[in-house]
1. Working only within segment 96-114, note down all residues that are more than 17 Å from residue 142 (Cβ to Cβ) and among the hydroxyl-bearing types (Ser, Thr, Tyr).
2. Please state which one of 43, 35, 5 is over 12 Å from the mean Cα position of the chain (by Cα), modelled with pLDDT of 55 or more and outside the structural domain of residue 158 (by TED's automatic domain parsing).
3. Out of the residues in segment 80-90 that are over 18 Å from the mean Cα position of the chain (by Cα) and of a type in the set (Gly, Ala, Ser), which is modelled with the lowest pLDDT?
4. Does segment 109-156 hold any residues that are in a helix (DSSP H, G or I), hydrophobic (A, V, I, L, M, F, W, C) and surrounded by 15 or more Cβ atoms within 10 Å (Cβ to Cβ), and which are they?
5. Has segment 157-168 got any residue that is over 30 Å from residue 83 (Cβ atoms), more than 18 Å from the chain's Cα centre (by Cα) and in a loop (DSSP other than H, G, I, E, B)?
Amino acid sequence: MTDIITGWSPSQGYGDWLLDPGASSLWVDQAGSPIVDQAGAPIDAITTGDPAMQNAGDLGTAVLISLFTDAAAEDDDFLPDGSANRRGWWGGTIGSKLWLRQREKPTQRLLAVVKADIEDALAWLITDAIASRIDVLTEYPRPGMLGAQVTIHRMAGQPLSLRFSRLWDTI
């Protein structure tokens, strides 16, 4: 059965859902029978075909969701779009406050705040004993562009290192 994973394109600076390239690209039902259209032809899954799109499996997907889902802003947080929308997920605390930083000027203070936002968003990995340590490095890879490298040191197995060279272009 086809599995959907989250991938990240470092060169383009965006994430997307992908079909697991190791799985069948044919849609099947719970019994394993092909799902067919009204003419009886099997329905094939559509893949992006983007060779730059990377995936890091379940842990990578968890990191991408944790970082790029908008966490709810606190009452004292400045909302960059001037609205009263504090965003966040209605089902609980998930995500990061990176969205609050997108219109800030590139300063050393911003690097420290973004680093703290990433660490906060991923802290659950340590709490849930998935990781023993998380290393975060924030930088300006070129003027006006903020990037980050996140290394998850798993409790067992090799560390997972994800580089986000284009978190966003700052103003």
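The values are calculated or read from the model by the stated rules, or taken from the named source; none is laboratory data. Note that the coordinates shown come from a computational prediction; the quantities given were computed from them, not determined experimentally. Because the Cβ atoms are built from the backbone with ideal geometry, glycine has one as well, and the counts that use them run over all protein chains shown.
1. 96
2. Unique residue meeting the criteria: 35.
3. Result: 82.
4. Selection gives 110, 111, 113, 114, 118, 121, 122, 125, 126.
5. Yes, there is a match, as at least one residue in segment 157-168 is over 30 Å from residue 83 (Cβ atoms), more than 18 Å from the chain's Cα centre (by Cα) and in a loop (DSSP other than H, G, I, E, B).
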